[in-house]
Amino acid sequence: MTVTDAPDESPAPGVGRRARNRVERERAYLDAALEIAGRDGLRHLTMARLAAEVDAAVGTVYTYFPSKGALVAELQREAIERLTASFHLVRDRSDAVLAGWDDPMAVSVARLAVFGHFWVATVDTFPQEAAFLHALISESEQMVPPEELYRVLPAAMALLGEARAAVAAASALGAIRLDDPMDLVVRWAAALTGA
């Protein structure tokens, strides 16, 4: 899946040509930024390099993204939303299989395994998206400044919330013991990410 598979953020019908052009240009910047980051690494993504890639002035790029941190946050948000959408497909398919199981505790453990397997498999199935998610969780050098986290944290918390729901359900059935499901999810995600 690529950035162009991101949720449609087209302006509503009847929106003027300028608004359409702005959305298309922003999409082009995001696509090019993802290509640079995917090919050469996030550290090599600069606003100047992005501008050169899309044949624009550096100042023009800054009218769309006020900083590299804002750009990275937007890339992370889109990547995590794609991962979440993919997980929903996996979850729905596995729930269809698990609907035939008679043991609720076994079902709850299987749901934990499904999420864990999905998390690990993203490195192969969604390498760019996984890299952005892992950077958010495990980067020692913060790529997104605190003032830009509002762009990405809701998407990250939604994905982690999926794991939290599975952990809480397994805990409620006694399949696992813990005090705080989200604490376990964060530790689990960090361990699976290699943080």
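Before we move on, is residue 37 under 17 Å from residue 75 (Cβ atoms), touching a Leu at 6+ places or on another chain (Cβ under 8 Å) and modelled with pLDDT of 90 or more? No. Selection of first residues in region 103-120 that are more than 15 Å from residue 176 (Cβ to Cβ) and touching a residue at least 40 places away in the same chain (Cβ under 8 Å) and of second residues that are of a type in the set (Phe, Trp, Tyr) and surrounded by fewer than 19 Cβ atoms within 10 Å (Cβ to Cβ), restricted to Cβ pairs under 6 Å at least 6 apart or on distinct chains, gives an empty result. Scanning region 166-189 for residues that are touching a residue at least 12 places away in the same chain (Cβ under 8 Å) and assigned to a loop (DSSP other than H, G, I, E, B) yields 173, 174, 175, 176. Residue 69 passes every criterion in (1) farther than 25 Å from residue 124 by Cα; (2) modelled with pLDDT of 95 or more; (3) crowded, with 18+ Cβ neighbours inside 10 Å apart from (2).
Would you say residue 149 is at pLDDT below 90, in a helix (DSSP H, G or I), surrounded by fewer than 18 Cβ atoms within 10 Å (Cβ to Cβ) and not acidic (Asp, Glu)? The answer is yes for residue 149.
Contact annotation: residue pairs with Cβ atoms under 7 Å, 6 or more positions apart or on different chains, pairing a residue in region 58-84 that is free of Cβ contacts under 8 Å to residues at least 12 places away in the same chain with a partner that is surrounded by fewer than 17 Cβ atoms within 10 Å (Cβ to Cβ), are 58/48.
The values are calculated or read from the model by the stated rules, or taken from the named source; none is laboratory data. A quick note: this is a predicted structure, and the numbers were derived from the prediction, not measured. Counting neighbours? That spans all protein chains shown, and the Cβs are built from the backbone with ideal geometry, glycine included.
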